[in-house]
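To start, the structure under review is shown below, and the notes come after it.
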Amino acid sequence: MPETPEPDDLLSLEEQIAVYQREFQDLDPQVEQVVSALSRLNRRMNVAYGRQSATLGISNAEWEVLKALVLSGPPYQLGPGDLAKRLGLTPAAMTHRIDRMVNEGLVTRERDESNRVRVIVELTADGREKWLEAMRRASVFEEDLLQDLSSEERGALGEMLTRVLRRVEEAQPDAGGRLNDLD
């Protein structure tokens, strides 16, 4: 079943900006072009990544847990509370996600032998392999996505987007995970 398009996807980017300018004369069309293009790109990339993950038998949500464990470094272990905080989830939502992933063999959940109250979630070999395959597929997709840009253009775009990201992170430091007002 085809996905329902976002309202702004029914118009080309140029048409959307023209409508915005008609309705809001103070609009800077250059700013709107950048912001709208980034928004559309983000949505489409998320759909593409979701499709890639699905072919591996994992969800985007599970991919995020695998990524968090890999980013934690060897031995790829975190407590459920740390995972929940990193992903912006409630402890209950994290527990449900971990339950699924344990059943799928992507992670293990064990009591810490040195502190029996603490639980440790650890990446399994199968979970790491799924993460690596997802990275391989994403790398091919991303290379294709940027194929029309020279190395210099890629570098410049990366630097510019990083500057914009820093500005957003400074202005909205609590927006890294999900927020109640955005759910």
Taking a crude spin-label model, label points 7 Å out from Cα along the C-beta direction, the A37 to T108 distance in nm is 4.9
Quick calc, the chain, dipole around Cα centre from Cβ unit charges on Lys, Arg (+) and Asp, Glu (-), nearest 20 debye, gives 880
One point scatterer per Cα, no solvent, Debye formula: log10 I(q)/I(0) for the chain at q = 0.09, 0.13, 0.16 Å⁻¹ comes out as -0.46, -0.89, -1.20
Within the set S36, S59, S12, GNM on the chain using Cα springs under 10 Å gives the largest fluctuation to S12
CD proxy, 222 nm, the chain: helix-only mean residue ellipticity via -39,500 (n - 2.57) per DSSP H run with n ≥ 4, per residue, nearest 500, stands at -20500 deg cm²/dmol
Taking only the alpha carbons of the stretch 8-55, the radius of gyration and the largest Cα-Cα distance, Dmax, both in angstrom, are 13.6, 45
The extension gain from E133 to V168, computed as 0.36 nm times the residue separation minus the Cα-Cα distance, is 9.5 nm
Low-density loop GluC sites (Glu not before Pro), the stretch 78-183, at most 11 other Cβ within 10 Å, DSSP non-H/G/I/E/B, are E113
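Arrange M94, M135, M160 by Cβ neighbour counts within 10 Å, fewest through most, would you?
M160, M135, M94
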Relative contact order as a percentage, the stretch 59-136, C-alpha pairs under 8 Å and 6+ apart, gives 32
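Each value in this text was obtained by applying a stated rule to the coordinates, not by laboratory testing. If you're wondering where the values come from, they're calculated on a predicted model, not measured in any experiment. In this analysis, Cβ positions are derived from the backbone assuming ideal geometry, glycine residues included, and neighbour counts consider all displayed protein chains.
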